[in-house]
Amino acid sequence: MKALVLTKPGNLQIVEKEKPTPQQAEVLVKLKAAALNKRDQFIREGKYPNIQLDSILGSDGAGEVVEAGSSKEKKWVGKQVIINPNINWGDNDEVQSREYTILGMPTNGTFAEYVLVGADRLVEKPKHLSSEESAAFPLAGLTAYRACFHHGKISEGKNVLISGFGGGVAQFAFQFAKATGANVFVTSGSESKLEQALKMGASAAYNYKSKDWFKNSWQSKGGFDVVIDSAGGDQINDFIKVMKPSGRIVFYGATNGLPSSLDMYRMFWNQITLQGSTMGSDKEFIEMVKFVDKHKIKPIIGLVTPYENIVKALDEMAANRKTGKIVVKF
Ligand SMILES: NC(=O)c1ccc[n+]([C@@H]2O[C@H](COP(=O)([O-])OP(=O)(O)OC[C@H]3O[C@@H](n4cnc5c(N)ncnc54)[C@H](OP(=O)(O)O)[C@@H]3O)[C@@H](O)[C@H]2O)c1
């Protein structure tokens with residue numbers, strides 16, 4: 001089978017690998033689509049912990065189960081599925097176990113014609129989604145779901161700010177928050193992405209490249225109950241200024257690095273929480289797919305391209321030109 005591996009930091013290559021055979025409790029999924037995440041790009045650049053050369057990359061995938069390891073898993077054969085990319089989250093919903101990893105290094109991932117996974121990683125694809133749309137959800141959708149609900153406690157009527165609307169996770173956070181009836185505001189560095197967010201029902205949209213963007217956030221009438229962010233950096237202090245008392249800033253990344261200072265005075269006086277978040281538990285993965293099904297949520301997809309173009313597709317993701325997910329189809 002064809003598979004994308006890291007041959008050395010900076011160099012990805014599609015190579016021929018042997019098609020794996022499922023053992024007990026496992027199934028073989030023939031992929032129909034796989035989606036790209038920042039994680040794949042970080043691995044490509046050698047900027048991810050515990051880089052392991054020759055593993056097949058890719059955390060997100062949707063496809064058809066074609067082989068079962070034993071009679072117990074046979075019921076899955078022929079089903080259209082989405083794959084939960086968590087490996088060893090463990091029993092505690094609050095935090096992942098020490099053995100936790102993510103599909104797609106060190107375990108072989110979804111950027112191949114076939115992937116071997118535990119049958120307990122499968123969820124049936126909601127009927128309103130195509131395979132390409134389903135593949136867009138796992139890692140980014142789960143991250144957004146946990147940030148919005150486990151930590152952000154977003155509900156109807158809350159004022160929520162989603163920063164960097166164009167991001168893969170952010171677009172899901174936006175749609176999940178909207179589905180609950182929250183008032184959802186966005187930031188982006190791109191005017192066309194801001195317009196897109198307004199068309200999709202954002203209450204207001206701010207360009208984070210303008211130094212004083214947060215001064216316009218009076219439209220939130222009293223500030224934000226929740227901010228969902230992945231950029232980090234000095235901007236955290238702008239968020240602190242525009243939070244309602246007892247507001248929560250949930251961050252699941254720090255693309256722009258650490259802040260040079262932190263306005264702890266304003267934080268403690270206004271009882272602000274700064275909360276880190278990761279992907280999510282196995283229970284949340286199942287809840288997330290049910291939520292998507294119930295609200296008939298569809299991902300924003302910036303690009304669908306043939307699998308053979310996957311390295312170019314990663315370049316495209318790194319350039320941040322597209323809003324939403326980039327998907328390859330097999
Ligand atoms: N903790 C976890 O488990 C987990 C899971 C998934 C992702 N992450 C992390 O979260 C980050 C985003 O991941 P992703 O997959 O959503 O990446 P992505 O699709 O590449 O999105 C990155 C987005 O960041 C936004 N951005 C850049 N500078 C910004 C700024 N100053 N303020 C606000 N937004 C800014 C841009 O938004 P605009 O295009 O709108 O300007 C860009 O589209 C990465 O660091 C990733 O490693 C962590």
Exercise. If you check VAL327 against the conditions, is it within 13 Å of the ligand (Cβ to nearest atom) and either among the charged types (D, E, K, R) or touching a residue at least 60 places away in the same chain (Cβ under 8 Å) (or both)?
Worked result: yes
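Please enumerate the residues belonging to the range 21-38 that are at pLDDT 95 or above and basic (Lys, Arg).
LYS30, LYS32
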Problem set entry | Any hit, the range 152-169, residues being within 16 Å of the ligand (Cβ to nearest atom), surrounded by fewer than 24 Cβ atoms within 10 Å (Cβ to Cβ) and in a helix (DSSP H, G or I) | no
Exercise. Hey, ALA319 hits all of (1) within 22 Å of LEU4 (Cα to Cα); (2) within 12 Å of the ligand (Cβ to nearest atom); (3) surrounded by 20 or more Cβ atoms within 10 Å (Cβ to Cβ) but one; which does it fall short on?
Worked result: (3)
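Among the residues of the range 29-74, which ones are free of Cβ contacts under 8 Å to residues at least 40 places away in the same chain and part of a helix (DSSP H, G or I)?
Narrowing the range 29-74 to residues free of Cβ contacts under 8 Å to residues at least 40 places away in the same chain: 42, 45-47, 49, 64, 71, 74.
Across the range 29-74, the qualifying residues are PHE42, SER71, LYS74.
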Exercise. Has the range 22-36 got any residue that is within 12 Å of the ligand (Cβ to nearest atom) and out of contact with any Pro (no Cβ under 6 Å at 6 or more places or on another chain)?
Worked result: yes
For this session: For PHE111, indicate whether it is crowded, with 24+ Cβ neighbours inside 10 Å and closer than 30 Å to ASP238 by Cβ.
Result: no
For this session: Would you check if there is a residue in the range 224-243 being in a loop (DSSP other than H, G, I, E, B), within 12 Å of the ligand (Cβ to nearest atom) and crowded, with 18+ Cβ neighbours inside 10 Å?
Result: yes
For this session: Output the qualifying pairs, or none if there are none: Cβ atoms under 7 angstrom, residues six or more apart or on different chains, first residue in the range 127-153 and over 12 Å from ILE301 (Cα atoms), second residue acidic (Asp, Glu) and buried (at least 24 other Cβ atoms within 10 Å of the Cβ).
Result: PRO138/ASP60; LEU139/ASP60
Exercise. Of all residues in the range 14-28 being in a strand (DSSP E or B) and in contact (Cβ under 8 Å) with a residue 40 or more places away in the chain, which is surrounded by the fewest Cβ atoms within 10 Å (Cβ to Cβ)?
Worked result: ILE14
Exercise. Which one of these does ARG146 not meet: (1) touching a helix residue (DSSP H, G or I) at 6+ places or on another chain (Cβ under 7 Å); (2) within 11 Å of the ligand (Cβ to nearest atom); (3) over 29 Å from VAL29 (Cα atoms); (4) not acidic (Asp, Glu)?
Worked result: (3)
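Looking at the range 244-278, which of its residues are of a type in the set (Gly, Ala, Ser), surrounded by 16 or more Cβ atoms within 10 Å (Cβ to Cβ) and in a loop (DSSP other than H, G, I, E, B)? Walk me through how you get there before you give the answer.
Restricting attention to the range 244-278, the residues satisfying the condition of being of a type in the set (Gly, Ala, Ser) are 246-247, 253-254, 257, 260-261, 276-277.
Filter once more, so that each one left must be surrounded by 16 or more Cβ atoms within 10 Å (Cβ to Cβ): 247, 253, 277.
Passing the criteria: GLY253, SER277.
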For this session: Show the residue pairs that are 6+ apart or on different chains and have beta-carbon atoms under 6 Å apart, the first residue being within the range 155-181 and on the phi > 0 side of the Ramachandran plot, the second being part of a loop (DSSP other than H, G, I, E, B) and within 16 Å of the ligand (Cβ to nearest atom).
Result: GLY164/ALA231
For this session: Kindly establish whether GLY46 is of a type in the set (Gly, Ala, Ser), surrounded by 14 or more Cβ atoms within 10 Å (Cβ to Cβ) and either modelled with pLDDT under 95 or more than 16 Å from the ligand (Cβ to nearest atom) (or both).
Result: no
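The values are calculated or read from the model by the stated rules, or taken from the named source; none is laboratory data. Keep in mind it's a predicted model, so treat the numbers as computed, not measured. As a convention, Cβ positions derive from the backbone with ideal geometry for all residues, glycine included, and neighbour counts pool all protein chains shown.
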